[in-house]
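The values are calculated or read from the model by the stated rules, or taken from the named source; none is laboratory data. Remember, predicted model here, so these are calculated numbers, not experimental data. So basically every Cβ, Gly included, is an ideal-geometry build from the backbone, and we count neighbours across all protein chains shown. Ligands, DNA and RNA are excluded from the accessible area calculation, which covers all protein heavy atoms including side chains. Shrake-Rupley method; radii C 1.70, N 1.55, O 1.52, S 1.80 Å.
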Amino acid sequence: LVYVGTSDSDTHHRNMAQAGTFRNFIASSTDNPQLIDEDELTRSVKEGRTVGGYSPFLRATVHADSTGQTGGLALGLPTIISTTDGNATLHLEMQSPVWVEFDTVELYVNNVPVPYYDDGDAFTTPQYRASPDVVLTAGVDFTVTEVNDHPGIPGARHSEAEVDYALGPLSRDTWVVALVRGTDGISPPLFPVVPNDIPSETNPTLSDLLDGNLGEAGILSLSFTNPLFIDVNGNGVYDAPLAP
């Protein structure tokens, strides 16, 4: 079973969690609201052609030199490609407003979540969490640059970065998910656009709230792709490791 990852704000109370922050970017042939095709959006969601999160926005493709095939989450691209030598390259393009800073890319490659007991009791039902297989850091593995979109308008800029990562040699069919995020103490939170979780005890004055809040928790940038698949055994489909 291939599940589609989506994101939402999980808002239960108007005064506790801000609605409309986590969202889904869904592949569409148009960005004109009047021309959006609901059936097309439904197909895109079912096919996993979505990116979830707060921002930044992610574009993900995977390419195999051995077959010349390129896959991606955009319309018109397959979400699975084949490789005859076990090698493929993941390409990520990241864009965000300048107030949404990101510093880390995480890759999850055929990742297996591990159980943990958040209450310390091994006899209760465990939670599950995943650790990234690959961690890439801004300034070391990739570079974030600012682009001045409208020089005549103060502040009309955005940040962007690109990453190429070689996957392989792969010994079996593989899926890969990419996640980009900010890290507390390195990138500031999204306050005041997303005000949640800024501690009041360290921000007693307005100037304290407006000092960038670096290292003060808050809501940090986070976005993730849905999986792209790489067919290694040549049968044209993704074979799960425990499939019969």
Rh_Kirkwood(region 122-213) over Cα pairs, Å, one decimal, evaluates to 18.0
Expressed in angstrom and ordered largest first, the alpha-carbon extents of region 27-90 along the principal axes are 45, 25, 18
Taking the chain and counting helices only, DSSP H stretches of n ≥ 4 at -39,500 (n - 2.57) each over all residues, the nearest-500 ellipticity at 222 nm comes to -1500 deg cm²/dmol
Per residue, accessible area of region 171-244 with a 1.4 Å probe, heavy atoms of protein chains only, in Å², comes to 50
With the convex hull built on the alpha-carbon atoms of region 66-160, volume per residue in Å³ sits at 207
Length-normalised contact order of region 94-240, Cα under 8 Å, at least 6 apart, in percent, tallies to 27
Against the 2.2 N^0.38 Å rule of thumb, the C-alpha Rg of region 1-136 sits at a ratio of 1.28
Candidates Arg23, Arg129, Arg157; GNM for the chain (alpha-carbon contacts under 10 Å) flags as most fluctuating Arg129
Expressed as a percent, the accessible surface of region 36-83 that is carbon or sulfur, using a 1.4 Å probe and the full set of protein chains, is 49
Taking only Cα atoms of the chain, the Rg to Rh ratio with Kirkwood Rh works out at 1.00
Simple spin-label estimate for Val193/Asp164, 7 Å along Cα→Cβ, in nm, reads 3.0
Rounded to the nearest whole number, the Stokes-Einstein translational diffusion coefficient of region 56-97 at 20 °C and 1.002 mPa s (Kirkwood radius, C-alpha pairs) in µm²/s is 196
Low-density loop chymotrypsin sites (Phe, Trp or Tyr not before Pro), region 112-201, at most 10 other Cβ within 10 Å, DSSP non-H/G/I/E/B, are Phe123
